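Engineer: Quick one: structure below, then a few questions.
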Amino acid sequence: MRSTNETAAKDRSNIPPKSEAVAPQVIGPQGVANEATAPEATASAAPRWQELGLSKNDLREMYYNLLIARTLDERIWLLNRQGKTAFVISCAGQEATQVGFAKALQVGHDIVFPYYRSLALTLAMGMTPTEVMLHQLSKAEDPSSGGRQMPSHFGLARLNMVSVSSPVATQLTQAAGSGYASKVKGDDKVTYTFVGDGGTSKGDFHEALNFASIHSLPVVFVVENNGYAISVPVTKQMHIKNIADRAVAYGMPGVVVDGNDLLEVYRVAREATERARRGEGPTLVEAKTYRYRPHSSSDDDRAYRTKEEVDEWRHKDPISRFERYLEEQGLITKEAEQSVRTRAKQAVDEAQRYAEAAPNPTPDTIMRYVYAEEGQQ
Amino acid sequence: MPVKTVLEAVREALFEEMRRDENVFVLGEDVGQRGGVFRATEGLQKEFGELRVLDTPLAESAIAGVAIGAAVRGMRPVAEFQFADFIHPAVEQIIDEAARFRYRSNNAFSCPVVFRAPYGGGVQGGMYHSQSVEAMFAMWPGLKVVTPSFPYDYKGLLKAAIRDNDPVVFLEHKKTYNFPSIKQEIPAGDYIVPLGKANVVKEGTKLSVFAYGMMLHQSLQAARTLEAEGTSVEVVDLRTLRPLDKETILNSVRKTGRAMIVHEANLFGGFGGEIAAIIAEEAFEWLDAPVRRVAGPDVPGMPFALPLEEEFMPNPAKIAQAMRQLAAY
């Protein structure tokens, strides 16, 4: 394998990756790139999912999580077109990265600082479609914000999923602070934080990784590199091929993973988690993926990318890919797939029905919770 | 009771709160081994160790962000910014994040961080070691902003700030840290001064002066001069700018009929404008004269050269002159 520096020097125009599969690589603190052990490359006869310690039930659950996220995402766009919700920010195309990480973390024990594209992560962690829809439609029962924030600004205390804001990358130093709290308290919680490629340009990215590494904090930094910061392609955001290469500068491992390969994401997520849990410090993971939709419902992506490019990525769809894998492994039939799709659609129908009927926040609540109220923490 | 400086009062509050609650920890540049460039955290690391008295990299956004992330996890961080002038990279974290955590999550999350910063001039700190940043923070709901003047209040208010369940910007006027005449007897051991309460430090009848920090002391001195000249001046130490003790302000104006605000931050957009507006809206009928503001000039920063710095700073002579004019209106 080429060293990452050579890679960067030879080719800095290869982002977003078009057709070439992304080779997983692990970059050690000294900048030495090592070949990652891809399960297919081993001589073992056991299938990859078994090697990863996953059960058939796990695979079914992960498949459902991919589908529920996509189904809900598409429904939200539909509601937007119908004028029922003012704003959409979508995760379509990035589901495998998020579902892979959700599977590797201990929900309710570990801490998650997500970002506004974390719909699939949120669902896979256990926020229900109804809760998401209440948030999307800004209802009083919206558990993330009571209708105060734009949609996709997730947060759910019971899942240790910390409230999201709109400025990018602010969550990264906060995640480092959460990791520091674990160190002071001496607990074994791992903190995960998610950010787009765009967010890595901010100083917070540097400050957070640097801080986390100095103190060997149990933090996993996940960059979902979907190729664009709204309209600006990564080639105009940075002069390197892999964001993960920056890990070298912080003395932590940097891992590039094909973000559309669910099992590979899970493997990488689990390794980063185990490293953090063992007290060995943070990891930077870069998942190469793609968003199918414009940045948000206020954006028009035709201004900066071609339909051909989007179509090309749709052919590498993470959900179809996992479906094919399950079929090849004889773990699912077309019929069973259809039944999972139906189940997802029913859950979304029910979520929409409930949320549409739910009451809006009442104007007299606007002054609540500026500060702690009497007797509250 | 022992006599303490402002700096000693701050340090004593930190020691006592860290002993009281193991979740309290201090972070910032040079706060550990060096004990802070102003020595506010001196001795803390020796007693509480490196984990709880943390020297950070020179990265203000991270100091704030790390504090916020730790607070979300139940810690009680006290983040020191070496000079208020250098807090600006952290403003996004303080305003967009800390101030909104509770509101934006509909009360699901809170962010009990104390952001400490020495502010103010008159120490030949030039334009990047002299700024007064209180108005910028006081304008944001969700934050509390504390600007004590006396050692007793520094200790009691800092302890209250650390125990508060919301983020507090705690501003310490650096000229008062070791100012000999600002020493005060303060009780050893635990006491609290509640946030949001102003204090009438000198009663008077002819006019009311509202101030905080070093300007409170300068105003007091000017008031004594006026007193000797036969004009009775009431001096109110605001202590907390947010939540603001409107009641004490309005009661004082209703008594004297004349109001003056003194701060060293520049006039335009300064906190004095807010007080003037409150008085105009809620005590207009009691006013015998227009509200008067004494403040720093509208220049981008406090110049370094002594004659220029002196020109910038309101002082007892300038304040006394303004008082005479207001009293004579």
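Engineer: Using only the Cα atoms of the range A:234-335, build the gyration tensor, take square roots of its eigenvalues as a ≥ b ≥ c, and label the shape rounded, prolate or oblate: rounded if a/c is under 1.5, else prolate if a/b is larger than b/c, else oblate. Show your work: numbers first, answer last.
Structural biologist: On the way: a/c = 2.69, a/b = 1.13, b/c = 2.39.
Since a/c reaches 1.5 but b/c is at least a/b, the shape of the range A:234-335 is classed as oblate.
Engineer: Any idea what angle helix B:151-163 forms with the longest principal axis of chain B, computed on alpha-carbon atoms, 0 to 90 degrees, nearest 10?
Structural biologist: 50 degrees
Engineer: Counting only other residues whose beta carbon sits under 12 Å from that of B:Asn165, what net charge do I get with K and R as +1, D and E as -1? It would help to have the intermediate numbers written out before the result.
Structural biologist: On the way: positive: B:Arg76, B:Arg102, B:Lys144, B:Arg163; negative: A:Glu373, A:Glu374, B:Asp164, B:Asp166.
Once all neighbours under 12 Å are counted, the net charge is 0.
Engineer: Over chain A, with a Gaussian network built from C-alpha contacts below 10 Å, which listed residue (A:Ser144, A:Ser90, A:Ser182) shows the highest mean-square fluctuation?
Structural biologist: A:Ser182
Engineer: Under a straight-distance cross-link criterion of Cα-Cα below 22 Å, which lysines are reachable from A:Lys307, leaving out those fewer than 8 residues away in the same chain?
Structural biologist: A:Lys18, A:Lys236, A:Lys288, A:Lys316
Engineer: Which of A:Thr71, A:Thr333, A:Thr85 moves the most in a Gaussian network model of chain A with Cα springs under 10 Å?
Structural biologist: Per the Cα network of chain A with a 10 Å cutoff, A:Thr333 tops the list.
Engineer: Follow-up question, since we're still on this one. Please check: in the Gaussian network model of chain A (C-alpha springs, under 10 Å), which one of A:Pro129, A:Pro253, A:Pro363 has the largest mean-square fluctuation.
Structural biologist: Result: A:Pro363 has the largest fluctuation of those listed.
Engineer: Helix B:246-256: angle to the longest alpha-carbon principal axis of chain B, degrees 0 to 90, nearest 10?
Structural biologist: 20 degrees
Engineer: Would you please classify the overall shape of the range A:122-232 from the alpha carbon gyration tensor, given that a ≥ b ≥ c denote the square roots of the eigenvalues, rounded means a/c under 1.5, and beyond that prolate means a/b larger than b/c while oblate covers the rest? Present the calculation step by step, with values, prior to reporting the outcome.
Structural biologist: Details: a/c = 2.36, a/b = 1.33, b/c = 1.78.
Oblate.
Engineer: Mean separation of Cα pairs under 8 Å and 6+ residues apart, divided by the residue count of the range B:33-108: what relative contact order is that in percent?
Structural biologist: Details: 47 pairs, mean separation 18.4, N = 76.
Relative contact order for the range B:33-108 comes out at 24 percent.
Engineer: Grab the Cα-Cα distance for A:Asp58 and A:Leu78, subtract it from 0.36 nm times how many residues apart they are, and report the gain in nm with one decimal. Can you show the working numbers first?
Structural biologist: Values: separation 20, 0.36 × 20 = 7.20 nm, distance 3.02 nm.
Working it through step by step, the gained length comes to 4.2 nm.
Engineer: OK, next. Explain nothing, just the number: relative contact order of the range B:65-139, from Cα pairs under 8 Å at least 6 residues apart, as a whole percent.
Structural biologist: Working: 95 pairs, mean separation 27.8, N = 75.
Taking the mean separation of contacting Cα pairs over the length of the range B:65-139, I get 37 percent.
Engineer: At 7 Å along the Cα-to-beta-carbon direction for both A:Glu374 and A:Glu335, put a label point, then send me their distance in nm to one decimal.
Structural biologist: The two pseudo-label positions are separated by 6.4 nm.
Engineer: Still on this model: Run through the DSSP bridge list for the protein assembly as shown and note the antiparallel percent, rounded to the nearest 5.
Structural biologist: On the way: 16 of 69 bridges.
If we restrict to bridges inside the protein assembly as shown, about 25 percent are antiparallel.
Engineer: Quick one: of the DSSP bridges fully inside the range B:199-328, what percent are antiparallel, nearest 5?
Structural biologist: Numbers: 3 of 15 bridges.
Rounded to the nearest five, the antiparallel share is 20 percent.
Engineer: In percent, how large is the relative contact order of the range B:1-147, given Cα pairs closer than 8 Å and 6 or more residues apart? Mind showing how you got there, number by number?
Structural biologist: Working: 231 pairs, mean separation 28.8, N = 147.
Averaging sequence separation for qualifying contacts and normalising by length gives 20 percent for the range B:1-147.
Engineer: Give the calculated FRET efficiency between A:Ser216 and A:Gln50 to the nearest 0.05, with a Förster radius of 30 Å applied to their Cβ-Cβ distance. If you can, show how the numbers build up before the last one.
Structural biologist: Details: r = 33 Å, r/R0 = 1.08.
Once the sixth-power term is evaluated, E becomes 0.40.
Engineer: Amide H of B:Ala265 versus every other amide H placed in the peptide plane: which residues, excluding those fewer than 5 positions away on the same chain, fall under 5 Å?
Structural biologist: B:Gly296
Engineer: Given the -39500 (n - 2.57) contribution per DSSP H run of 4+ residues, what per-residue ellipticity at 222 nm results for the protein assembly as shown, rounded to the nearest 500 deg cm²/dmol?
Structural biologist: Details: 24 runs with 270 residues, N = 706.
Calculated at 222 nm, the ellipticity per residue is -11500 deg cm²/dmol.
Engineer: Another question about this same structure. Percent antiparallel among DSSP beta bridges with both residues in chain B, to the nearest 5? Could the numbers behind the result be given before it?
Structural biologist: Working: 7 of 39 bridges.
Antiparallel bridges: around 20 percent, rounded to the nearest 5.
Engineer: Are there GluC sites (Glu not before Pro) in the range B:1-32 that DSSP puts in a loop and that have at most 14 other Cβ atoms within 10 Å, and which ones?
Structural biologist: Details: sites: B:Glu8, B:Glu12, B:Glu16, B:Glu17, B:Glu22, B:Glu29; in loops: B:Glu22, B:Glu29.
Those satisfying the criteria are B:Glu22.
Engineer: Report, in order of residue number, the helices in chain A meeting two criteria: a C-alpha extent of 18 Å or more along the helix axis, and a mean Kyte-Doolittle hydropathy of at least -0.5; treat each whole DSSP H run as one helix. Each step should come with its number before you reach the end.
Structural biologist: Working: long enough: A:56-81 (38 Å, -0.58); A:170-185 (23 Å, -0.41); A:262-277 (22 Å, -0.57); A:334-357 (35 Å, -1.37).
The answer, listed by residue number, is A:170-185.
Engineer: Continuing with this model, one more query. For the range B:213-295, state which chymotrypsin sites (Phe, Trp or Tyr not before Pro) are in a DSSP loop and have at most 14 other beta carbons lying within 10 Å of their beta carbon. Could the numbers behind the result be given before it?
Structural biologist: Working: sites: B:Phe268, B:Phe271, B:Phe284, B:Trp286; in loops: B:Phe268.
Answer by residue number: B:Phe268.
Read-outs throughout are calculated quantities, based only on the coordinates presented, and are distinct from any laboratory measurement. What you see is a predicted model; the values in this text were computed from it and never measured. Using ideal geometry, Cβ is built from the backbone for each residue, glycine included, and neighbour counts are taken over all protein chains shown.
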